[in-house]
Structure formats: structure tokens, C-alpha cells
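Undergrad: Have a look at this one before I ask anything.
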Amino acid sequence: MEETLKPTLKNGHIDMPVPDGIDLRAEIARMKKEKNAVILAHYYTTAEVQEIADYTGDSLGLSQQAAKTDADIIVFAGVHFMAETAKVLSPNKKVLIPDLATSCSLADSVNEKSLAEFIKKYPNHTVISYVNTTAEVKALTDIVVTSSNAVKIVSQLPKDEPIIFGPDRNLGNYVKKVTGRENMVIWDGGCHVHDHFDANSLAELKKQHPSAKVLAHPECNESILAQADVIGATSALLKASYELPETEFIVATEPGIFYEMTKRSPNKTFIPVPNEHGHPLNVCVNMKRNSLKKIYLTLKYEFPEVDLPEELSRKAKVCIERMMAMS
Ligand code: SF4
């Protein structure tokens, strides 16, 4: 039988030209049907990627979607740990990722070795990890949380149960504050986007738009959260944007969410908060690596694939299932 040759990867993705004049959207739609594939896209990807996705969402929504889809192939337009989570939840499905180099600065701030050493320093602590972690880190974790359910899950643990929380220090401190727990040891990691919104620019924007509500993600640091009207996961901020009566919102999360916010509320205004370097759009460069061309090539060649050793996958699944049961 003739073997299909896999194309080579350059910088994590298939690097080859597509035929002139090809309609990428139509071709992706045709292949999705032919191969029984679904495309999951995170809210931080570009508008053109979200437009062609079967499901858009944040980490929790997409993990749940990955678990219940009947498709044979999942194309995950997000970042690498999300595709890993999809593979853990759907071991019999082929999970494809348009670009293997879609890392996450937060997930990269902790690895298996550093976490194992930390756990030794704090024995008898329940290990809670944010979903933004590798499968190896999840395998050392007792319960995974997302920004949507972190407060809810930590609140369910007995008050005297000591906790290691990682890797996001801002989310950890926020959960600690809201739940009033003192016995939380927090890993010192951060997201290169959310940890770097500029608090002075936000204060200035509030003066310029006095009737606007400020929506902020709990991965933002305290100087931003202290100025926010609503603090929540991306999906919670989206919900606030269409449920609240205000027509102007200053938004401190990755601006990819503006696509869905504007789609739901075309007559409202969404204002981004600049980053500390004065850049008006504080974007996640990893999420923006996903593109229509890469999705097309990935679906066509069914490559690159995210696969995990069975034992690692089995261990990583335990803490995700605990999260699902407690959310
Ligand atoms: S926005 Fe931050 S936490 Fe989210 S994927 Fe990008 S680097 Fe990771």
C-alpha cells in the first residue's frame, strides 16, 4: 500500500504554498465533512479563524466540547496545552494542531521537575493546577481548575486543607482573596499578556469613558483588578458584555474576544486596555499563530498531530475529571 508522505514542518507548522486562487474556507468546509472533523477555536484566535470554527470558547468550554464531540478528528486552534487536554479527554480521536509552536507563557512557567521539587517542599498539600499546564504537570496535579471555576472548586475544599496553587500568581492571589483562605502556597508564574496591562492607561480610559464598565480577567495583576467592575473568565466577561445594559466596555483581556463581543452586541463599543509598552492591542502572539492556511494544510495532511503516551494521558485525566465533577 502506498504510504502518505507527511510534509516537513518549519517553525512548528507545515510550510508549503497553497494552490493559487483556492478558496480556503470552502476547502476547509469540504474536508471537515469528508473527514468527519471539527474545528475548535479559542476566543483569542483571529476573527477569520473563529469564523470557520464549529465551536468557539474558553479553555473550559472547549475541553467540554472536546470530550463530547463524535468527530473522528479534532483540529484545535488554540495553544498546545489545549490540544493536549483534548487528546487526554478523547484518546481515540486524532487531535491535530495547526501549529506546534503555539506555546503558552503561563504553561511554560512550570514543568514536571520544578513542580515535583515544589511539592516536596510542601508535603500534604492538595495540588491545584490551572488548566494552562502541560500534561506532565497535570499528571502531578490533584485537581485542575480553569479561570471559570477556580473559586468554586477551591471553595469546596475543607478550610483546613492546605493547597499548592499554580502556575498563575494573579489567579492564585485572586482565588485566595475571594475564598479568604490563608493556607494557599502560590506558584510565581504569569501570562505575558494578562500580567502586562497598563494600570495608568486603564485609569485614563476610565476618565475618558466615565459610563463604561471595566471587564477584567483574573490573570490580570492587582493594579488592574482593583479598577474592574467585573472580574471573570473570558466567557464570563463575554456574558457581562451582552447582559449588562451599558453600551461601552473597557476590556482587560486578550482582544481576540472582541470578535464575539461585537458579534453578540453590534451596537456596543469595546475599548482595549494598552499594555505596559504602550501597545494599544495587548495580544497573545501564540494564539495568533493559528491561521486559515495552517488549518487547511493541517486538515489536508492530518498533521501535525498531538499524541500522548497512554500512561501519561491516564494520569493527566484524573485531575481533569475531578474538575469536571466539581464544576
Ligand atoms: S493569553 Fe496568556 S494564558 Fe492565554 S494562551 Fe496566551 S500566553 Fe497563555
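Undergrad: Taking Cα centroids, how far is segment 215-257 from segment 42-118 in Å?
TA: 23
Undergrad: Right, another one. Let's see if you can work this out: charge +1 on each Lys and Arg Cβ, -1 on each Asp and Glu Cβ, no other charges. What is the dipole magnitude of segment 194-272 about its Cα centre, in debye to the nearest 20?
TA: Here segment 194-272 has a charge dipole of around 340 debye.
Undergrad: Okay, moving on. Over segment 107-191, average the accessible area per residue using a 1.4 Å probe and give it in Å², no decimals.
TA: 42
Undergrad: To continue, here is another question. For a label point 7 angstrom out from the Cα of Thr8 toward its Cβ, which stretches of segment 296-313 have the backbone nitrogen within less than 17 Å?
TA: 304
Undergrad: Further question on the same structure: List the residues, sorted by chain then number, that are 5 or more residues from Val127 or on another chain and whose placed amide H is less than 5 Å from its amide H.
TA: HN-HN under 5 Å from Val127: Asp142, Ile143, Ile164.
Undergrad: Which value in nm describes the separation of the simple spin-label points at Lys300 and Leu244, placed 7 Å from the Cα toward the beta carbon?
TA: The answer from the label model is 4.5 nm.
Undergrad: Here is a further query. Percent relative contact order of the chain, based on C-alpha pairs within less than 8 angstrom and at least six residues apart?
TA: For the chain, the relative contact order is 23 percent.
Undergrad: What percentage of the solvent-accessible surface of the chain, computed with a 1.4 Å probe over protein heavy atoms, is contributed by carbon and sulfur atoms?
TA: Carbon and sulfur: 51 percent of the exposed surface of the chain.
Undergrad: Let me ask something else. Of the options Met261, Val273, Ile14, report the single residue whose Cα projects farthest towards the positive end of the charge dipole of the chain (beta-carbon charges: Lys, Arg +1; Asp, Glu -1).
TA: Met261
Undergrad: What FRET efficiency, computed as 1/(1 + (r/R0)^6) with R0 = 22 Å and r the Cβ-Cβ distance, is obtained for Tyr55 and His279, rounded to the nearest 0.05?
TA: Given R0 = 22 Å and the Cβ-Cβ separation, E is 0.15.
Undergrad: Dipole size in debye (nearest 20) for the chain around its Cα centre, Lys and Arg Cβ +1, Asp and Glu Cβ -1?
TA: 460
Undergrad: In addition: Can you return the aspartates and glutamates within cross-link range of Lys35? Criterion is Cα-Cα under 20 Å, with same-chain partners fewer than 8 residues away left out.
TA: Partners found: Glu2, Glu3, Asp23, Glu27, Glu51, Asp54, Asp70, Asp72, Asp99, Glu302, Glu305, Asp307.
Undergrad: Here's something else I'd like to know. Enumerate the calculated ³J(HN,Hα) couplings along segment 260-268 in order (Karplus 6.51 cos²θ - 1.76 cosθ + 1.60, θ = phi - 60°), each rounded to whole Hz, writing x wherever the residue is Gly or Pro.
TA: 6, 4, 5, 5, 6, 9, x, 9, 9
Undergrad: While we're here: Taking a ≥ b ≥ c as the square roots of the eigenvalues of the Cα gyration tensor of segment 62-208, is the shape rounded (a/c under 1.5), prolate (a/b larger than b/c) or oblate?
TA: Cα axes put segment 62-208 in the oblate bin.
Undergrad: I would also like to ask the following. Keeping every protein chain present and rolling a 1.4 Å probe, give me the accessible area per residue for segment 241-324 in Å².
TA: Roughly 47 Å² per residue, with all protein chains present.
Undergrad: With an 8 Å Cα cut-off and a minimum separation of 6 or more residues, compute the relative contact order for segment 107-191 in percent.
TA: 29
Undergrad: Tell me the Kirkwood hydrodynamic radius of segment 1-74 in angstroms, computed as one over the mean inverse distance between distinct C-alpha pairs.
TA: Evaluated on segment 1-74, it is 14.4 Å.
Undergrad: Which of Leu299, Thr234, Met326 sits farthest toward the positive end of the charge dipole of segment 202-327, with +1 on the Cβ of Lys and Arg and -1 on the Cβ of Asp and Glu?
TA: Value computed over the given set: Leu299.
Undergrad: Next up: Quick one: which residues, 5+ away or cross-chain, put their amide H under 5 Å from the amide H of Val95? H built at 1.01 Å from N.
TA: Excluding prolines and chain starts, which carry no amide H, the hits are Ile74, Val306.
Undergrad: Would you work out the relative contact order for segment 194-272, in percent, from Cα pairs under 8 angstrom that are 6 or more residues apart?
TA: This gives 30 percent for segment 194-272.
Undergrad: Tell me, what is the FRET efficiency for Lys113 and Glu204 to the nearest 0.05, using R0 = 45 angstrom and their Cβ-Cβ distance as r?
TA: 0.55
Undergrad: Using the Cα centre of segment 194-272 as origin and beta-carbon charges of +1 (Lys, Arg) and -1 (Asp, Glu), tell me which of Ala216, Phe249, Asn200 is placed farthest towards the positive end of the dipole.
TA: Going by the charge dipole, the pick is Phe249.
Undergrad: Tell me, what is the FRET efficiency for Lys120 and Ser223 to the nearest 0.05, using R0 = 45 angstrom and their Cβ-Cβ distance as r?
TA: 0.85
Undergrad: Still on this structure, please answer the following. Using helices alone, I'd like the mean residue ellipticity at 222 nm for the chain: each DSSP H run of four-plus residues gives -39500 (n - 2.57), total over residue count, nearest 500.
TA: -11000 deg cm²/dmol
Undergrad: A further question on this structure: Going by a ≥ b ≥ c, the root eigenvalues of the Cα gyration tensor, does the chain fall in the rounded group (a/c under 1.5), the prolate group (a/b larger than b/c) or the oblate group?
TA: oblate
Undergrad: Additional query: Output ³J(HN,Hα) for segment 122-134: one whole-Hz value per residue in order, computed from phi by the Karplus curve 6.51 cos²θ - 1.76 cosθ + 1.60 with θ = phi - 60°, and x for Gly and Pro.
TA: 10, x, 6, 9, 6, 8, 10, 10, 5, 4, 6, 8, 6
Undergrad: Additional query: Could you sort out which of Lys138/Lys268; Lys176/Lys288; Lys33/Lys87; Lys239/Lys293; Lys152/Lys213; Lys6/Lys33 sit more than 28 Å apart by Cα distance in this structure?
TA: Lys138/Lys268; Lys176/Lys288; Lys239/Lys293
Undergrad: Next question. Assign one of three labels to segment 194-272, namely rounded, prolate or oblate, based on the Cα gyration tensor with a ≥ b ≥ c the square roots of its eigenvalues; rounded applies when a/c is under 1.5, prolate when it is not and a/b is larger than b/c, and oblate otherwise.
TA: The shape class here is oblate.
Undergrad: While we're on this one: In debye, nearest 20: dipole of segment 107-191 around its Cα centre with unit charges on the Cβ of K, R (+) and D, E (-)?
TA: About 220 debye.
Undergrad: Starting from the 7 Å offset along Cα-to-Cβ, what nm value, one decimal, do you get for the label separation of Lys268 and Lys288?
TA: 2.4
The values are calculated or read from the model by the stated rules, or taken from the named source; none is laboratory data. These numbers come from a predicted model, not from an experiment. Here the Cβ is made from the backbone with ideal geometry for all residues, glycine too, and neighbour counts use every protein chain on show. Accessible surface is based on the protein model in full, side chains and every heavy atom, while ligands, DNA and RNA are left aside. Shrake-Rupley method; radii C 1.70, N 1.55, O 1.52, S 1.80 Å.
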